[in-house]
Amino acid sequence: MTITEILQFVDNLIFTETDQHLDDLQKRIIEELFKGKTYKQIAELYNYDEGYIGDESRKLFKTLSDKLGENINKSNFAWTIERVINSKIVSFGGNHNINSYSNCQNSNHPSNNKNSQETEIQKSSYHDLTLSPRIIRFYGREKELEYLSNCILNQNTPLISILGLSGIGKTTLVKRFVDFNLDKFEVIIWKSLKYPKSLNLLIDDLLQVCKQQPEKNLDDKIKQLFNILSTQKCLIILDDIQNIFTPGELAGKYQPEYQDYQPLFKLVTETQHQSNIILISQEQCPEMESLYPELYPIKSLEISGLYHSDILQNTGLKNQDSWLDLIKLYTGNLMFLKTITVLIAKNYDGEVVEFLAENTLHITQQIQSHFQEIYNRLSPIEQQIVLQLSKFENPISREELRQTLIETLNLSSVDFNNGLQSLQQRYLVSKLKEDKVMFSLSSVFREYVRNLSFTLN
Ligand SMILES: Nc1ncnc2c1ncn2[C@@H]1O[C@H](COP(=O)(O)OP(=O)(O)O)[C@@H](O)[C@H]1O
Ligand SMILES: [Mg+2]
C-alpha cells in the first residue's frame, strides 16, 4: 500500500465528513505519522510548534473517529487506517480504487446531498498511480517543487517537461509533487513508457481509467480524450518518454511506430482545455523546447544534481564532514551515489575519507552498465565527439573542439553542430559561459568514456 493510496483514502473520508480536502500540512502529518515520527520530529521537520502539530493531528483523529465509528488516536492511527483499507480491498474483490470506499460508505451521509456538483466530481474522480514509485525518503528540491506548483497550479501550463540525466531524481520529484497535490485534480494518471506502447493503446488505457469505452479509430479516441481534458481537471504523467525516441540517431527523433505522439503533444499545447501533461525524459525533443517561455504554453525544468549531505543519512557511511565531497564527486546524482555507498560500505567499512584519499572517480559495475546503455543510444557522430571530448580535462571552446574533430575525423561542420546540440539535449555535455562559450562532458560520464576508449584502443 503506497502513501499516495493512504492519503487518497484519508482525504476521501475527511471530505465526506467535512466537505473539505486535506491541506498540505495535514498530508505531511499523515505521511510522517505513517513513518512513525513523533509530533516533535514532525514539528522540527516542517518548522512548526510541537503543540500545533499535536492539535492538528487530534482534530484529524476526531474527524476520522466520527467517520469510522471507532476511537482513533496517535498510537493506533496508522494501524487502523491500514486495517480499514485492507478490509475494503478484500470486500471489493481486490479493486484498488479505494476512493469508492468513502462514496459507498456514505450514500446516506447528509453532506452527499448538500452539494450535488461536488458529489458528481467525487464520482468521476479517477486516480491511477499504480506504476508510480513509492517515496520513502525525500530531501531538498524546494525550488523545483515551487516551480512545478507555479507552472501547473497557478499558470495552468498544459505541457511541462522534466528533463535530466537518469538517476538525477526526475521521477521522484514529480511523484512528490503529485503526493502533495492529489486533491487539486479530478483525474491523475501515471503512465510509464519504460516499455513503450503505441499511442493507440496508451489512449485506450487513459480512457479506461476514466471508465470510458474507447471509440474504434484513433482520431475519435483523441477527441474523447480531449473531451475529458476539457471537462475535468486532469494531470497525466508520462514517464521515461526517451524510450519512444530512436536509438543510434540524434536525440529526440521519434521511432516510426511512436511518431503519433508528436502531433498529440502539439495538440495538448494548441487546444483549449484545463488539464496538464507532465513528460519525464532523459532526452529532449523539439516539442519540449520553448524558445519564448513567457509566450508559449510549454515549460521545461532541467534537473541537476542534489548537493545535500542529508541524502547520505542512515546509509551507514562514516566521516560525515566528507559527505559533501563525495556527493560533488558523483555530481549529486542519487543513483550513482547509491551504488558508490554500497561499495564504500563493503570495501572501506564505510570510511568515506579513505575512499576519497585514493583520488579516483570509481565507476561501479552499475554505473558502467547504465552508461553503456546511454552510449549505445548515441548516433555515431555523437560517439566520436564524446570520445574526443573525453581527452580534455578542462572545458573546451566550440571552435577548438571543431578543429580537432575536423582534423582527426574529417567531420563536416553540419554534422559537428548537430552532434554537439544533440549531446546537450541528452544532458551529457554541458555548456559553460566564461569569457567564451565552453563545453565539457559530465565528469562521471567522461570517466566512463575514458575507460571505454582505453578498452577500444
Ligand atoms: N529528493 C530526493 N531525496 C531522496 N532520494 C531521492 C531524491 N530524488 C531521487 N532520490 C532517489 O534517487 C534515485 C533515483 O531517482 P529517480 O527519481 O528514479 O531518478 P530519475 O527518474 O531521474 O532516473 C531513487 O532511488 C530515488 O529514491
Ligand atoms: Mg525516472
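Details
- Wholly enclosed helices (runs of 4 or more DSSP H) of the stretch 135-209 bearing at least 2 residues under 14 Å from the mean Cα position of the chain (by Cα) and within 16 Å of ligand 1 (Cβ to nearest atom): 142-149, 170-180
- Residue list for the stretch 64-92, restricted to those being surrounded by fewer than 18 Cβ atoms within 10 Å (Cβ to Cβ) and more than 24 Å from residue 134 (Cα to Cα): 65, 66, 68, 69, 70, 71, 73, 91
- Condition check for residue 252: among the small types (Gly, Ala, Ser), within 16 Å of ligand 1 (Cβ to nearest atom) and crowded, with 18+ Cβ neighbours inside 10 Å: no
- Residue among 257, 283 that alone is touching a residue at least 12 places away in the same chain (Cβ under 8 Å), assigned to a loop (DSSP other than H, G, I, E, B) and among the acidic types (Asp, Glu): 283
Here is a yes/no grid of residues against (1) of a type in the set (S, T, N, Q); (2) in a strand (DSSP E or B):
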| residue | (1), (2) |
| --- | --- |
| 226 | no, no |
| 250 | no, no |
| 262 | yes, no |
| 265 | no, no |
| 277 | no, yes |
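- The stretch 259-284, residues that are surrounded by 15 or more Cβ atoms within 10 Å (Cβ to Cβ), away from ligand 2 (no atom under 16 Å from the Cβ) and under 22 Å from the mean Cα position of the chain (by Cα): 261, 262, 264, 265, 268, 269, 275, 276, 277
- Candidates are the residues of the stretch 431-457 that are surrounded by 14 or more Cβ atoms within 10 Å (Cβ to Cβ) and among the charged types (D, E, K, R); the one that is modelled with the lowest pLDDT is 450.
- Output for the stretch 392-409, where each listed residue is assigned to a loop (DSSP other than H, G, I, E, B) and exposed (fewer than 13 other Cβ atoms within 10 Å of the Cβ): 393, 394
- Pair list, Cβ under 6 Å, 6 or more apart: the stretch 141-164 residue more than 24 Å from residue 229 (Cβ to Cβ) and in contact (Cβ under 8 Å) with a residue 60 or more places away in the chain, other residue within 16 Å of ligand 2 (Cβ to nearest atom) and not β-branched (Val, Ile, Thr): 141/173; 144/173; 164/170; 164/302; 164/427
- Verdict on residue 276 being in contact with a helix residue (DSSP H, G or I) (Cβ under 6 Å, 6 or more places away or on another chain), in contact (Cβ under 8 Å) with a residue 12 or more places away in the chain and assigned by TED's automatic domain parsing to the domain that holds residue 128: yes
- Counted residues, the stretch 146-178 - those being within 16 Å of ligand 2 (Cβ to nearest atom) and not hydrophobic (A, V, I, L, M, F, W, C): 10
- Selection from the stretch 416-440 of residues that are within 20 Å of residue 247 (Cα to Cα) and not aromatic (Phe, Trp, Tyr): 417, 418, 419, 420, 421, 422, 423, 424, 425, 426, 428, 429
The values are calculated or read from the model by the stated rules, or taken from the named source; none is laboratory data. Everything numeric here is computed off the predicted structure, so don't read it as measured data. So basically every Cβ, Gly included, is an ideal-geometry build from the backbone, and we count neighbours across all protein chains shown.
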